[in-house]
Amino acid sequence: MASGLWFAVNCIDVILDRLTEFDETDLTKHQAHHMRTVATRVAAARRALVVAVVLIGGGVFLSQTNVFQNLGLTLLGTAGALTLVLGFAARQVLGNIMASMQIALNQSARIGDRIVYKDYLCHVERINFTYVQLRDWDGTRLVVPVDEFISTPFENWTMQEPEMLRIIKLKCAHQADVDQLRTIFDRVVASLDPEELGDLDDAKVRVAGQDALGKDVWFALPCADPNTSWDMACKAREKLIAEATDLEKSQNIDIFPEARLSEAA
C-alpha cells in the first residue's frame, strides 16, 4: 500500500512536470507577465495536489490496517505521544510547505520575477516545497529555505509595473556645469536601444547632495525591462563618463573632482 501510494505520487508529479514545462520559455522578459503568473500558480497547484494525495492515501492506509485493533489501547496511548514527537520534528518542513503556498497565493514573488535578495540581483527560478531557487545574474544559483525567504525583505523589480528608473550616481566637481551634464545625458539616452527604454519624460538629472569632495549628480534612466536595466545602466554610465571626460579635456574644465586617496576614503 505504501509503495503504491509513493508510486502514484511520483507518477502525478512527473505528469504535471511534463504538462507544465516552462524551461524553454524565458519568463524573465517583461512580455511574459501572464506566463509568470501561470507558472507560479501551476507550481502551487502541483504542491497542493501532492500534499492532498499523500494525506488521502495515508488516511486510506490507516483506515484499512488492523494494527490498532491488534495492539490495543497501549498502542493508542503510544501513538498519541508519537504524534506529538513527529509533529514537533516536522514543524519546520510543514512551515516551509505552508510558506511556499503563501508565496503562490499572494504573488509576492513569481517564477521569473527579477528581485534583489540580500544584495544579489537574481530572478526566481523555482519555488519548491521547502526552498526557493534563485538564479544570480552571473548564472550561479542561490537556494534559500522558504521560511527564510518570506521573512527577509527583498526588492521585486517586476511586481506590478515592470518599468523602472535606474539611478546613475556620479561624484562631480563643485564647478561642474549641470546643464552641460544634462545635455550629455540626453545624447547618451538617445544612443541607447529605444526598445529597452521606458518613458523618456522620466529621464532627469538632479543634484542630490554635496560634500567637501564635490556634488552628487544623479541621472535617472527610465528602463522598460528590469531584467536588462542593470546592463543598460552600466552602458549609460560608461558613455556618461567617457563624454564628460572628453568635455573636460576639450574645454579645460573640471567635471570630476580631483581628490587625494585619503580624502576619498
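Across segment 127-147, what is the total count of residues that are open to solvent by 40 Å² or more (accessible area, probe 1.4 Å) and not in a strand (DSSP E or B)? Lay out the reasoning, then the answer.
Step one: of segment 127-147, the residues open to solvent by 40 Å² or more (accessible area, probe 1.4 Å) are 128-131, 135, 137-138, 140-141, 143, 145, 147.
With the extra rule that they be not in a strand (DSSP E or B), the set shrinks to 128-130, 137-138, 140, 147.
Of the residues in that region, 7 qualify.
So the check is Cβ under 8 Å with 6+ separation or different chains; which pairs have a first residue in segment 148-159 that's exposed (fewer than 15 other Cβ atoms within 10 Å of the Cβ) and a second one that's among the charged types (D, E, K, R)?
Pairs found: 152/118.
Taking the residues in segment 160-213 that are small (Gly, Ala, Ser) and free of Cβ contacts under 8 Å to residues at least 60 places away in the same chain as candidates, determine which candidate is surrounded by the fewest Cβ atoms within 10 Å (Cβ to Cβ). If you could, list the steps in order and put the result at the bottom.
Let us first name the residues in segment 160-213 that are small (Gly, Ala, Ser), namely 173, 176, 190-191, 198, 203, 208-209, 212.
Checking which are free of Cβ contacts under 8 Å to residues at least 60 places away in the same chain leaves us with 190-191, 198, 203, 208-209, 212.
On the way: 190: 11, 191: 11, 198: 19, 203: 20, 208: 10, 209: 12, 212: 8.
Ranking the qualifying residues of segment 160-213, first place goes to 212.
Please specify each residue of segment 97-126 satisfying the condition of being open to solvent by 20 Å² or more (accessible area, probe 1.4 Å) and part of a strand (DSSP E or B).
Within segment 97-126, 114, 116, 120, 121, 123, 125, 126 qualify.
Conditions tested, residue by residue: (1) at pLDDT 90 or above; (2) assigned to a loop (DSSP other than H, G, I, E, B); (3) among the small types (Gly, Ala, Ser).
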| position | (1), (2), (3) |
| --- | --- |
| 188 | yes, no, no |
| 220 | yes, no, yes |
| 243 | yes, no, no |
| 263 | no, no, no |
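I'd like to check something: does segment 224-232 contain any residue that is in contact with an Asp or Glu (Cβ under 8 Å, 6 or more places away or on another chain) and open to solvent by 50 Å² or more (accessible area, probe 1.4 Å)?
Looking for residues that are in contact with an Asp or Glu (Cβ under 8 Å, 6 or more places away or on another chain) and open to solvent by 50 Å² or more (accessible area, probe 1.4 Å), one finds none in segment 224-232, hence no.
The values are calculated or read from the model by the stated rules, or taken from the named source; none is laboratory data. If you're wondering where the values come from, they're calculated on a predicted model, not measured in any experiment. No Cβ is skipped: glycine too gets one built from the backbone with ideal geometry, and neighbour counts run over all protein chains shown. Protein only, heavy atoms only, side chains kept; ligands, DNA and RNA dropped before computing areas. Shrake-Rupley method; radii C 1.70, N 1.55, O 1.52, S 1.80 Å.
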